[in-house]
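The structure appears right after this line, and notes come after that.
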Amino acid sequence: MDSQHWRAVIAAAQAGDRRALDELVEGWLPLVYNIVGRALNGHADVDDVVQETMLRAVGNLGSLRDPDSFRSWLVAIAMRQIRDRARRRTPDRLEEAAASDFAELTVLRLQLEGQRREVAEAVRWLDDEDRHLLSLWWLEVAGELTRRELAAAVGITRQHAAVRVQRMKERLETSRGIVRALDGACPDLREMTGRWNGRPDSVWRKRLARHLRGCGYCGGTREAVVPAERLLVGIALVPLPVGFTLSLALGGKTAAAATSAATSAGWSAKLLGALTKPAVAMTAGATIVAGGAYVVTQPPDAPPPRAAVTPTATPGSAPPRTFAPPAPAPTSSPAATKKADPYGTVVDAVDRAPDPNARPAALPRRPESGITSTGGPKAVMQHRGDRVTLTGRGYVLVRWQISPGSRPGALVMPSWTGLKGRLFHVASGGSRRMDDPLPGAPNGYATGMGGPGIGYAVLPPGTQQMWQNEYFYVDGTVTLTQNERGCDYGLIVFPTNRDAVVEDIGQGPPQGAIRYGLVRDTGTDSAPVPQYVTRATPADPATVPQRSRV
């Protein structure tokens, strides 16, 4: 809406119009949520800081003299609450985990890919002060704030703001390089990060930055690096996520006291209804609660979203639906069994590498409502026993990194355990199989599996050769465990989507790849399932039978 409309709404709210107050809270909550969420990277305190910001804004609305300055005034309140929260943090809370990583929400909810995704993930590597500033600069380049409002929110001059933003951008670019390098296959970097716990921090940012400056492998890039501000222009606000809760309890007062305080502040009866509840869940595409005011954003007959899944459906994909276990296989007659094999009878088998110039078949379209991962948007599993649980309906990328240079020998394959629902192996990509010759391979490597100079990674007999990128489709819940015991290897697990799979497997020799990818999905239950999968949860996942049936 234009500024003239908001001037009218603010003036009406100041005059006691409760419907105008409702509209004001509803309209500006997404901006506050994005500022606080990105500044705190989705920390559990986001709910409290957003709540306190909106309460202070409503309580002090009468003191606002110029309605045209409402946005900068509101942003300044949010930044003060963020700084106050930082001062209140006690040592025992410094290591508290994020409630829902905001970088992950940004990637999944806005369906960011390529360098836009890289920028969002690089935010994790910034210090608190830089992340607070970036929460405003991100919205500035996206057209939601002006530089004047950014400077006012931080409490500095525009000239000083320009210097601060430039320094933050330099550290953001360093962090982008780190994200890019960690996605690569540099053997030296792999060895260096063997001691890393997978959590971004300033110490490891400096170590990895030093490595990048001196490494020819990591220093190169396959594509021109686009400036961050060009990537962020036009990006919408991140929608309020599934599971986000806002409870306006007015500082822990009783319901009666909260109602009394809210009435004196001018809150409407519609807002008061939510104040007396301990929490009101807000689900994307369902009901959004804005300080008690609520807006229905999906038709009443639309299917309810799954609370455990962050929706990431791609345009044109089938609509999300509530997960139901697969129907049992027909058993009425032998003929019925022959017509359709029950799920899980087709298991991955050894195959030959296709011709490098053989283009992949069309990838069937399966429903996507999104995948949540206990490892976040990028789970790095480098040691035996590392695991990640995947839940929802959608695609998952498992990227292989084998390092026989550190320790060659027999490779104990990763396993999928505790399966509930279905799991398919749908495609292979990454431009090569791991046993493809590597042109100009350094340090004794001949293929991704090693070479005469360093030794080879050896697969168990009868095991299918991996590609750099292996894609799976999950419809339910399953846990992937890294079972490294012989040869040194690592896995990086990304929730992804069908469009990204198609783009990857379509890269072939004309684009400098060794070979095109391969589609394995038949679009039915006859698609292959991984060799090492079980519905059981064994004490040692490495014991899952290779030819398991599910």
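Read-outs throughout are calculated quantities, based only on the coordinates presented, and are distinct from any laboratory measurement. Every value quoted in this text rests on a predicted model; they were computed, and no experiment measured them. Positions of Cβ are generated from backbone atoms using ideal geometry, with glycine treated the same way; all protein chains shown enter the neighbour counts.
For Asp68 and Glu191, the difference between the fully extended length at 0.36 nm per residue and the C-alpha to C-alpha distance is 38.7 nm. Efficiency by 1/(1 + (r/R0)^6): what FRET value for Arg7 and Gln511, r their Cβ-Cβ distance, R0 = 56 Å, to the nearest 0.05? According to the calculation, E is roughly 0.60.
Considered as an equivalent ellipsoid built on the Cα gyration tensor, segment 2-89 has semi-axes of 24, 12, 11 Å, the largest given first. Once both labels are positioned 7 Å from their Cα atoms along Cα-to-Cβ, the gap between Arg147 and Thr389 label points is 4.9 nm. For the pair Thr157 and Ser406, a Förster radius of 30 Å applied to the C-beta separation gives a FRET efficiency near 0.05, rounded to the nearest 0.05. Each label point was placed 7 Å from the Cα along the Cα-to-Cβ direction; for Asn357 and Ala536 their separation is 4.9 nm.
Under 12 Å Cα-Cα from Lys169, which aspartates and glutamates qualify once same-chain neighbours fewer than 8 residues away are excluded? Filter leaves Asp130, Glu229. A convex hull fitted around the alpha carbon atoms of segment 128-188 yields 84 Å³ per residue.
Summing charges over all other residues whose Cβ lies under 10 Å from the Cβ of Pro354, with Lys and Arg as +1 and Asp and Glu as -1, gives +2.
Summing charges over neighbours of Glu170, with a neighbour being any other residue whose Cβ is under 15 Å away from its Cβ, gives +4 when K and R count +1 and D and E count -1.
For segment 442-550, the calculated P(r), taken from all Cα-Cα distances in 5 Å bins from zero up to the bin holding the longest distance, is 2, 8, 15, 20, 21, 17, 11, 5, 1, 0 percent. Modelled this way, with points 7 Å down the Cα-to-C-beta line, the labels at Thr463 and Arg19 are 6.8 nm from one another. In plain terms, the bigger the Kirkwood radius, the slower the diffusion; for segment 387-483, with that radius from Cα pairs, at 25 °C and 0.890 mPa s, Stokes-Einstein puts D at 168 µm²/s.
Here's the list of aspartates and glutamates a cross-link from Lys420 could span, going by alpha-carbon distance under 16 Å and ignoring same-chain residues fewer than 8 apart: Asp475, Asp525.
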